[in-house]
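Scroll down for the structure; my scribbles are underneath it.
The values are calculated or read from the model by the stated rules, or taken from the named source; none is laboratory data. Given the structure is predicted, the values throughout are model-derived calculations rather than measurements. Cβ: placed from backbone, ideal geometry, glycine included. Neighbour counts: every protein chain shown.
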Amino acid sequence: MIAVVNIGVGNIKSVLSALRFVAPLQKIEVVSTASGLDSAERVIFPGQGSMKNCFSAFCSLGLLESFKNCLKKKPFLGICLGKQFLFDYSEEGSSPGLGLIAGSVIKFPSNYTKLKVPHMGWNSVAFRSNHPVFREFNQIEAKTTYFYFVHSFFVNPADREIIIGETEHGVRFPSVISKDNILATQFHPEKSASAGLMILKNFVSWNP
């Protein structure tokens, strides 16, 4: 079973629609309980909004420890806030995160006159290293492809080796990270047309 985590901060409908299109034979469930997480074979967390609200919602639902344990062993895809939540701390609301990946979440700098925040719309991803979920894009000569972004903050990992894709928006920031069974994107695959659907399809069969 593929669990799509719903704590009230994600674009659940779009993700469900995209998953059902690329994996029609898979059992896909919306999950908001510890038992749901425990029974899942792989997990997707599509988050939007602030890390502070996200952290509070996980605590209120009693899901924090179950979610942490789940992420230590099951294939996981974090989308947007679902990526940022993996880290230690966010400048947005001075909020703690899960602390599964060392580093912080920081805001785009304001000293760029042409920089629009939030970063919204289509932008390219330059891949630094290969990954099975991005195998089609790894073969592109320029190693860049376009995805859809909506965010004002980005991650700053302590370990730069986990960065497999980067994007330019005034600054160069990590748009794709991967560590062991964890894969996370700052962009929204479910809003990224055929390229995003390919990522979701590959994730469904990914066995880290």
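Which of (1) farther than 17 Å from Ser90 by Cβ; (2) of a type outside the set (Phe, Trp, Tyr); (3) over 17 Å from the mean Cα position of the chain (by Cα) is the odd one out, the single condition Val176 does not satisfy? Result: Val176 fails condition (3) only.
Pick out the one residue from Phe203, Phe187 that is touching a Ser or Thr at 6+ places or on another chain (Cβ under 8 Å) and in contact (Cβ under 8 Å) with a residue 60 or more places away in the chain.
Numbers: Phe203 fails: touching a Ser or Thr at 6+ places or on another chain (Cβ under 8 Å).
Among Phe203, Phe187, only Phe187 is touching a Ser or Thr at 6+ places or on another chain (Cβ under 8 Å) and in contact (Cβ under 8 Å) with a residue 60 or more places away in the chain.
Identify all residues within the stretch 55-82 that are surrounded by 15 or more Cβ atoms within 10 Å (Cβ to Cβ) and on the phi > 0 side of the Ramachandran plot; write none if there are none. Once the filter is applied, which keeps residues that are surrounded by 15 or more Cβ atoms within 10 Å (Cβ to Cβ) and on the phi > 0 side of the Ramachandran plot, the stretch 55-82 yields only Cys80. No other residue among Thr167, Thr185 is at negative phi, in contact with a Cys (Cβ under 9 Å, 6 or more places away or on another chain) and among the β-branched types (Val, Ile, Thr) apart from Thr185. Checking each residue in the stretch 168-184 for being assigned to a strand (DSSP E or B) and not aliphatic (A, V, I, L, M) picks out Glu168, His169, Arg172, Phe173, Pro174, Ser175, Ser178, Lys179. Evaluated against (1) surrounded by fewer than 17 Cβ atoms within 10 Å (Cβ to Cβ); (2) in contact with a strand residue (DSSP E or B) (Cβ under 7 Å, 6 or more places away or on another chain); (3) among the hydrophobic types (A, V, I, L, M, F, W, C), Phe173 falls short on exactly one condition, (1). Can you tell me which residue within the stretch 29-54, out of those that are β-branched (Val, Ile, Thr) and surrounded by 18 or more Cβ atoms within 10 Å (Cβ to Cβ), is farthest from the chain's Cα centre (by Cα)? Filtering the stretch 29-54 for residues that are β-branched (Val, Ile, Thr) and surrounded by 18 or more Cβ atoms within 10 Å (Cβ to Cβ), the one farthest from the chain's Cα centre (by Cα) comes out as Val31.
Candidates Glu161, Glu190: the one that is closer than 27 Å to Gln26 by Cβ and in a helix (DSSP H, G or I) is Glu190. Scanning the stretch 123-138 for residues that are surrounded by fewer than 17 Cβ atoms within 10 Å (Cβ to Cβ) and assigned to a loop (DSSP other than H, G, I, E, B) yields Arg128, Ser129, Asn130. Inspect the stretch 78-91 for any residue being at pLDDT below 95, under 23 Å from Arg172 (Cβ atoms) and over 17 Å from the mean Cα position of the chain (by Cα) and give the result as yes or no. Yes: the stretch 78-91 contains one or more residues that are at pLDDT below 95, under 23 Å from Arg172 (Cβ atoms) and over 17 Å from the mean Cα position of the chain (by Cα). Return yes or no: is Phe203 modelled with pLDDT under 95, in a helix (DSSP H, G or I) and touching a strand residue (DSSP E or B) at 6+ places or on another chain (Cβ under 8 Å)? So Phe203 fails the test. Going through (1) surrounded by 15 or more Cβ atoms within 10 Å (Cβ to Cβ); (2) more than 24 Å from Ser90 (Cβ to Cβ); (3) of a type outside the set (Lys, Arg); (4) modelled with pLDDT of 90 or more one by one, Ile182 falls short only on (2). Taken as a whole, the structure leaves Ser35 outside the set of residues that are among the polar types (S, T, N, Q) and modelled with pLDDT under 90.
In summary, strands (runs of 3 or more DSSP E) completely within the stretch 1-103 and bearing 2 or more residues that are without any contact (Cβ under 8 Å) to a residue 40 or more places away in the chain and under 22 Å from Glu190 (Cα atoms) occur at 28-31.
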